[in-house]
Amino acid sequence: MLPKRRMPAVRLDDKALAAYLDSHLVGSSMGVRMFNAAKRTWAGTDAGAALARIEREVAGERRELKQLMHALGYRRSWFKAVASRIGALVGRFNPANPLRSGGGASGQLELELLQSALKGKECLWRTLLELARTRPELNRRRLAELLELVQRQQDTVAGIMRGTAPERFAK
């Protein structure tokens with residue numbers, strides 16, 4: 001583990017932070033759609049119920065991110081808002097798993113994409129925790145809770161991957 005460094009007083013670039021948060025907002029929209037698709041792939045199974053729970057959590061975190069942006073006085077980029085809508089249309093086809101099959105490579109890739117999305121969200125919460133040292137509007141306690149939540153979500157998806165891998169790749 002690296003030693004803790006003392007951060008010098010820094011004035012954050014609001015334009016850069018707003019763009020970063022807006023990009024994660026676009027990603028969170030995609031995340032909700034990805035978990036919705038996975039929930040349907042695994043409907044009727046324990047995995048489907050777990051993925052439905054995570055979908056609800058991701059949607060709640062998305063709302064919280066929007067509220068945070070508003071509280072910081074940031075507005076959405078019109079370009080990213082349009083890109084998000086286009087992504088929603090493309091996402092309906094679930095390119096990672098178009099047949100909505102939990103088996104084989106498609107099912108595996110869908111779960112791996114969910115893990116990647118969750119890793120990105122983990123990076124967001126970790127980054128904001130660091131920035132909270134210089135921005136009192138960023139609630140460190142809540143960010144730590146969100147970090148714990150995403151780690152539980154990652155563990156759940158990893159458990160689904162491990163628990164279903166043998167049947168997914170069996171002949």
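The values are calculated or read from the model by the stated rules, or taken from the named source; none is laboratory data. The model shown is predicted, which means the values in this text are computed figures rather than measured ones. Heads up, the Cβs are rebuilt from the backbone with ideal geometry, glycines too, and the neighbour counts pull from every protein chain shown.
Observations on the structure shown:
- Enumeration of residues in segment 135-171 that are in a loop (DSSP other than H, G, I, E, B) and at pLDDT below 90: ARG135, PRO136, GLU137, ALA170, LYS171
- The criterion of at least 1 residues that are in contact with a Gly (Cβ under 9 Å, 6 or more places away or on another chain) and at pLDDT 85 or above is met, among helices (runs of 4 or more DSSP H) falling completely within segment 3-92, by 14-41, 46-71.
- Residues that are surrounded by fewer than 13 Cβ atoms within 10 Å (Cβ to Cβ) and touching a residue at least 40 places away in the same chain (Cβ under 8 Å) within segment 131-153 comprise just one, GLU137.
- Top-ranked residue in segment 38-52 [being in contact (Cβ under 8 Å) with a residue 40 or more places away in the chain and not hydroxyl-bearing (Ser, Thr, Tyr); ranked as nearest to LYS121 (Cα to Cα)]: LEU51
- The combined condition, being among the small types (Gly, Ala, Ser) and either surrounded by 17 or more Cβ atoms within 10 Å (Cβ to Cβ) or more than 24 Å from LYS39 (Cβ to Cβ) (or both), is not fulfilled by ALA158.
- Hey, GLN115 at pLDDT 95 or above, among the polar types (S, T, N, Q) and within 24 Å of ALA19 (Cα to Cα) or not: yes
- Annotation note: Cβ proximity below 8 Å between a residue of segment 16-30 that is free of Cβ contacts under 8 Å to residues at least 40 places away in the same chain and farther than 14 Å from TRP125 by Cα and a residue that is of a type in the set (Lys, Arg) and buried (at least 19 other Cβ atoms within 10 Å of the Cβ) (sequence gap 6+ or interchain) occurs for no pair.
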